[in-house]
Each structure stands twice: as C-alpha cells, then as structure tokens.
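As structure tokens, the structure follows; a few thoughts come after it.
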Amino acid sequence: MGRIAIMAAMHEELAALLASMPDEQKDTVAGREFWVGHLEGREVVAVLSRIGKVAAATTATLLVERYGVDALLFTGVAGGLGAGVRVGDVVVADALLQHDMDASPIFPRWEVPLYGRSRFEADAAMSERLRAAAADVLAHADTHLGAQALAGFGIASPAVHRGLIISGDRFVSTAAESGALRAALPDALAVEMEGAAVAQVCHDLGVPCAVMRTISDRADDSAHLDFNAFIREIASRYSVAIVRRYLRG
Ligand code: SAH
C-alpha cells in the first residue's frame, strides 16, 4: 500500500489527526505545512486543504506531484441541502460538481469547459470503504463524542448519506441561496467550497480520491450559528475517528 493524503478543511480536524500520528515531520511548501508520517501504520501526508477551490486545487496538486501520494482522502464540514440531510450526519461523495461554474451559453451550465462534463466521480471503492467507516463510527457516536456533546447540538441518530456534493467559492448562508441550489440541482446532498476542485485535480492526475463531509449547518439563515463549537466538539472528533477506521480497513 502506498502513501495516502489526508486533506482536512479545518484546523481543528488537522490538529486531531496530528495528535494521533506518532512520527510526523513538517515540510513547508507554498505556504502550506505538509505533515509526513504514519497513522494506523499507513504512510500518510496530512495537510490543511485551505479554503476555496483554487487553494484546495493547489494543495491537492502538490500532494500528488511533490509528495507522490497515490490516493487522496478529504475531510471537512458542509451545509446540508438534501431533504433528510441533518446537522451531525455525514455525507460521502459519489460525484462532485462546481455549482458556480457557468460558461453558458458557450458550454452547458456547470460543465467545466474542455472537459465535456460537469460531474467528477469519487473513487467507488474508496468511497464505499469510507461510507462503511463512517457508518461504523456514527453507530457508536456517543462513545466517540459523548452523549452530552451530541445532545448539545440536537443530534439524535446521525446517518451516513452517499451522493452528489457541490462546491463553490461561497459560504451559503441564506435560505434563498440554498433554496435556489436545491431547485437547480435537486440531487445535491451537501454544499461546500473545495471538494469538486480536488476531484477535478485527481481526475487530471489519475489519482483516486474520496470526500467526506460532516454536516455543520443547513446552508440557511442560521448557518453561522455555533459553527466553531460544532467543528471542535463534533466534526473534528468524527473526522479523526472515521479516518482512522478507514485506514485500519
Ligand atoms: N469560520 C471558518 C470559516 C469556514 S469557511 C474558519 O474560520 O475557518 C467554510 C468551510 O466549511 C469551508 O471549508 C466549506 O467547505 C465548509 N462549509 C460548511 N458549511 C458550508 C456552507 N453552508 N456553504 C459553503 N461551505 C460550507
């Protein structure tokens, strides 16, 4: 088994991962700190993705070209769009799309020019393994997080979903905007700011990738509430437990 990249969108998630790595070494390239070491006996490179499509694409490209990773796992939070996708649930991507890509009328809306497609698939085997790892962790969510933390955020029986994740350079925080996205892309389960860019880089470079997102908000007018507390108390703990479970196989 080769070297796997773990891209975390949030500082707290990365910190939780680093706390579980016994031997990581820091290497700074392009202003990013790449942590090379091991987790669950696997060779990993952990790094903060940085926020937004261009920043995440640069990070993903460096992981493949400089660090020679042969698989890429992304973990972060997202706004829930799909009916039944609730705060505290986890979404694993089947495919990813840039919702703010629009070169119409020259190209169909959402199509990435010169690719002939709007959707970039996540690797099916990695995604299924990630879904299984997430389901296993969520089934024991109270032992990973504590019943009090879950109750504090109103999380009762968290679920794992698999499907379309959409990305754009906007934090979606009004009911009007999330409603418009839901109407335009009815199969979208979650919205975030990096995944589709990473999937496009992985497509170009021929490296399999998988993306998981813990739902932190419903991308509506209350999307900013308790965001940081949620990352600290829920998302980063899920993230490290799911990534470790994934790596153990
Ligand atoms: N306060 C945060 C800012 C997070 S930006 C900080 O200081 O770091 C939002 C991040 O969460 C991005 O990585 C994005 O992918 C994800 N995200 C969560 N909810 C989102 C939403 N409703 N719309 C877009 N991105 C969202």
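The values are calculated or read from the model by the stated rules, or taken from the named source; none is laboratory data. Model, not experiment: these values are computed from the prediction. For neighbour counting, all protein chains shown are included, and Cβ atoms are generated from backbone atoms with ideal geometry for every residue, glycine included. All accessible areas refer to the heavy atoms of the entire protein, side chains included, with ligands and DNA or RNA removed. Shrake-Rupley method; radii C 1.70, N 1.55, O 1.52, S 1.80 Å.
Just one of the numbered conditions (1) in contact with a helix residue (DSSP H, G or I) (Cβ under 9 Å, 6 or more places away or on another chain); (2) open to solvent by less than 10 Å² (accessible area, probe 1.4 Å); (3) of a type outside the set (Val, Ile, Thr) is not true of Met193: (2).
Condition check ((1) part of a strand (DSSP E or B); (2) at pLDDT 95 or above; (3) charged (D, E, K, R)) across all residues:
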position	(1), (2), (3)
Ser157	no, no, no
Val191	yes, yes, no
Asp221	no, no, yes
Leu225	no, no, no
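To keep it simple, each residue is scored yes or no on (1) at pLDDT 95 or above; (2) among the β-branched types (Val, Ile, Thr); (3) within 11 Å of the ligand (Cβ to nearest atom).
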position	(1), (2), (3)
Val172	yes, yes, yes
Ala180	yes, no, no
Asn228	no, no, yes
Arg237	no, no, no
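Figure legend. Inter-residue proximity from the range 36-63: first residues without any contact (Cβ under 8 Å) to a residue 60 or more places away in the chain and charged (D, E, K, R), second residues assigned to a strand (DSSP E or B) and more than 16 Å from the ligand (Cβ to nearest atom), beta-carbon distance below 7 Å, spacing 6+ or different chains. No pairs are indicated. Of the residues making up the range 19-78, those that are assigned to a loop (DSSP other than H, G, I, E, B) and touching a Leu at 6+ places or on another chain (Cβ under 7 Å) are Ser20, Met21, Glu24, Ala30, Glu40, Val69. Taking each residue of the range 126-147 that is open to solvent by 40 Å² or more (accessible area, probe 1.4 Å) and looking for partners that are part of a helix (DSSP H, G or I) and among the basic types (Lys, Arg) with beta-carbon atoms closer than 6 Å, six or more apart or interchain, yields Asp136/Arg245; His144/Arg237. Could you tell me whether the range 90-100 includes any residue that is closer than 23 Å to Ala241 by Cβ and of a type outside the set (A, V, I, L, M, F, W, C)? Scanning the range 90-100, I find at least one residue that is closer than 23 Å to Ala241 by Cβ and of a type outside the set (A, V, I, L, M, F, W, C), so the answer is yes.
On inspection, Leu114 qualifies as at positive phi and not in a helix (DSSP H, G or I). Checking each residue in the range 159-189 for being acidic (Asp, Glu) and either closer than 25 Å to Asp123 by Cβ or outside any helix (DSSP H, G or I) (or both) picks out Asp169, Asp187. For Thr28, are the conditions met, namely being open to solvent by 50 Å² or more (accessible area, probe 1.4 Å) and free of Cβ contacts under 8 Å to residues at least 24 places away in the same chain? Yes: the conditions hold for Thr28.
Take the residues of the range 1-50 that are basic (Lys, Arg) and more than 14 Å from Arg244 (Cβ to Cβ): which is nearest to the chain's Cα centre (by Cα)? That would be Arg50. Going through (1) open to solvent by less than 20 Å² (accessible area, probe 1.4 Å); (2) away from the ligand (no atom under 15 Å from the Cβ); (3) touching a Ser or Thr at 6+ places or on another chain (Cβ under 8 Å) one by one, Gly79 falls short only on (2).
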